[in-house]
1. Tell me which residues, restricted to the stretch 206-236, are modelled with pLDDT under 95 and either within 15 Å of residue 193 (Cα to Cα) or touching a strand residue (DSSP E or B) at 6+ places or on another chain (Cβ under 9 Å) (or both).
2. Out of all the residues in the stretch 99-113, is one or more out of contact with any helix residue (DSSP H, G or I) (no Cβ under 7 Å at 6 or more places or on another chain), surrounded by 15 or more Cβ atoms within 10 Å (Cβ to Cβ) and either closer than 26 Å to residue 19 by Cα or at pLDDT below 95 (or both)?
3. Determine whether residue 240 is modelled with pLDDT of 95 or more and either surrounded by 22 or more Cβ atoms within 10 Å (Cβ to Cβ) or on the phi < 0 side of the Ramachandran plot (or both).
4. Within the stretch 1-22, restricting attention to residues that are farther than 21 Å from residue 150 by Cβ and surrounded by 13 or more Cβ atoms within 10 Å (Cβ to Cβ), which residue is nearest to the ligand (Cβ to nearest atom)?
5. Identify all residues within the stretch 81-94 that are in a loop (DSSP other than H, G, I, E, B) and touching a strand residue (DSSP E or B) at 6+ places or on another chain (Cβ under 8 Å); write none if there are none.
6. Give me the pairs, please: first residue somewhere in the stretch 22-44 and in contact (Cβ under 8 Å) with a residue 24 or more places away in the chain and farther than 21 Å from residue 129 by Cβ, second residue anywhere and within 11 Å of the ligand (Cβ to nearest atom) and in a strand (DSSP E or B), beta-carbon distance under 7 Å, and either six or more positions apart or on two chains.
7. Among the residues in the stretch 158-168, are any more than 18 Å from residue 220 (Cα to Cα), touching a residue at least 24 places away in the same chain (Cβ under 8 Å) and more than 13 Å from the chain's Cα centre (by Cα)?
8. Among the residues of the stretch 121-162, how many are closer than 19 Å to residue 197 by Cα, within 16 Å of the ligand (Cβ to nearest atom) and part of a helix (DSSP H, G or I)?
Ligand code: SF4
C-alpha cells in the first residue's frame, strides 16, 4: 500500500499503513492521516497570558490553555518532557472543540492557547477549536517551536492571532543533531508569520550551550527580520530531562545576554524564570 505524507510539520513524515510519525501522534490509519490525540488534552488550565509568555497581547488577561502529548522535536533539555516526550495518554474524557470553547467562555477567558507541547502536531484539533473560538469572538494563541511545515505556516494566520516562537540556538548543526529540528525553517516561519500580521513574540531558553555569539546573531535576526519592537523573552534554564547536570542559568549570564540584546536597540526584552 502506498505511503501518505504528513504535511503538518517540516519533517514531512512518509507513513505506511499503521505507522506513526516522529511525533508519535499522527498515524496512517487505513490510508487516512489521523491525529490520535484529537479531543484528548493531557493538560487543561487557566493561565495568566504572561505565563505563555506573551507580554504584548491582551495583557493582564487569563487564557484557557491546553496541550496534548508528543512533540516533533527531541530537545534533551525539554522542561515539559513528561508530556512532550511520550505518546501515551488517557482517553477517559473526550473534550470536543465545543466543550473547550464553552469552558473558555464560562471562565471569561478572552483567548484560548495551544501550548504545553507542540501545537503543530495536534493542529487538526487546535484548528477546529480555533474556528469555533473565532465565531465567539475569542482570540487564539500558539506557543510553538516554529518547526511547522511551509503549508501549515501559510494556514496559521487565518486562525491564530498571536504566537510565541522558541529560537533555541543559532547553531544549525545543534538544531539538526541534538534537537531534531532546523534553524532555517524556524527563522523563516517566524518571518512569514510576522509578515502576515500574526503578533509574534520570541523566547530563548538560555541553555548552557548557548553563548554570547549566538545571542548576538539572534538579536540581529530579530532586529532585521522581525523588528526592533518584537518582544524577546530570555528565559533562565534549569537542568531537566536528559541534561541532569550543570547549573541553572546564572543571573550574570542573563544580564550579559540582556545587555547584548539592548545593544541592538531591541525595545522589549524580558528576563524570565529569574530567581
Ligand atoms: S506532525 Fe511532523 S513529526 Fe508528526 S507525523 Fe506529521 S510530519 Fe511527522
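The values are calculated or read from the model by the stated rules, or taken from the named source; none is laboratory data. Remember, it's a predicted structure, so these values are computed and weren't measured experimentally. When we count neighbours, we look across all protein chains shown, and the Cβ atoms used for this are built from the backbone with ideal geometry, even at glycine.
1. Passing the criteria: 206, 207, 208, 210, 235, 236.
2. No: zero hits.
3. Working: modelled with pLDDT of 95 or more: no; either surrounded by 22 or more Cβ atoms within 10 Å (Cβ to Cβ) or on the phi < 0 side of the Ramachandran plot (or both): yes.
Here the answer is no, as residue 240 does not meet what is asked.
4. First, the residues of the stretch 1-22 that are farther than 21 Å from residue 150 by Cβ: 1-2, 16-20.
From what's left, surrounded by 13 or more Cβ atoms within 10 Å (Cβ to Cβ): 17, 19-20.
Details: 17: 14, 19: 9, 20: 7 Å.
Filtering first and then ranking leaves 20.
5. Listed by number, the list holds a single entry, 87.
6. 28/4; 28/15; 31/4
7. Yes: the stretch 158-168 contains one or more residues that are more than 18 Å from residue 220 (Cα to Cα), touching a residue at least 24 places away in the same chain (Cβ under 8 Å) and more than 13 Å from the chain's Cα centre (by Cα).
8. 8
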